[in-house]
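This report concerns only the one structure given below.
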Amino acid sequence: MFGKTDVSAPLFVVAALVCFLIGGLMTTVVPPLVDASWSRPFKNDDPSKGPTGVLRPYTEIELKGRAIYVREGCWYCHTQQTRTILADTVRSGWRGVNAPISTPDEFVYDSPHLFGTKRTGPDLSHVGGKYDVQWHRTHFRNPRDLVPGSVMPPFPWIANNEPEFQALVAYIQTLGRAKDWRPDHDYEQ
């Protein structure tokens, strides 16, 4: 039967659409039906598996910061998902500990999702708590002061607008904090 698709364009299109539909169903529809935990926030109740962490809804200031993150287009260059690739877990890690891969339950309060696809800048899925407020202020004023060769443009209007700056930092500090996987305490906000 598939030999006929080599000479019949309509049959080829139908076969391709059927294959695409099956693949789409198997990768997007079936997994949440099989594993119901994808629709619930992450919660670790077992202390033997590490410190407990709980994902919570965003506060009002964090939502304002998320809106600024979207408005300024941060998600165009920064992803928010640690893939299963070893290089991602190492790069998103902290103090020699690899970051956990991102799982769907971490994003139940995100609408729209800001996964991003272009990794021009570093992935931010586990950046919350890694840097203090002064680091973020310096980074927004001129990223090259902290990261030589950075292609990120400066955002002085955010660094100099205290309410917007505090909101954006509050949002950034939430990223990756639901799962407490770090060896030492985080910087406080």
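What shape does segment 57-172 take by its C-alpha gyration tensor, where a ≥ b ≥ c are the square roots of the eigenvalues and a/c under 1.5 counts as rounded, a/b above b/c as prolate, and the rest as oblate? Judged from the Cα gyration tensor, segment 57-172 comes out oblate (a/c at least 1.5, b/c at or above a/b). Ranking of K64, K4, K179 by neighbouring Cβ atoms within 10 Å, starting from the fewest: K4, K64, K179.
Since every read-out is calculated from the coordinates, none of them should be taken as a lab result. Quick caveat, the model's predicted, so the values are computed rather than measured. Note: ideal-geometry Cβ built from the backbone for every residue, glycine included; neighbour counts use all protein chains shown.
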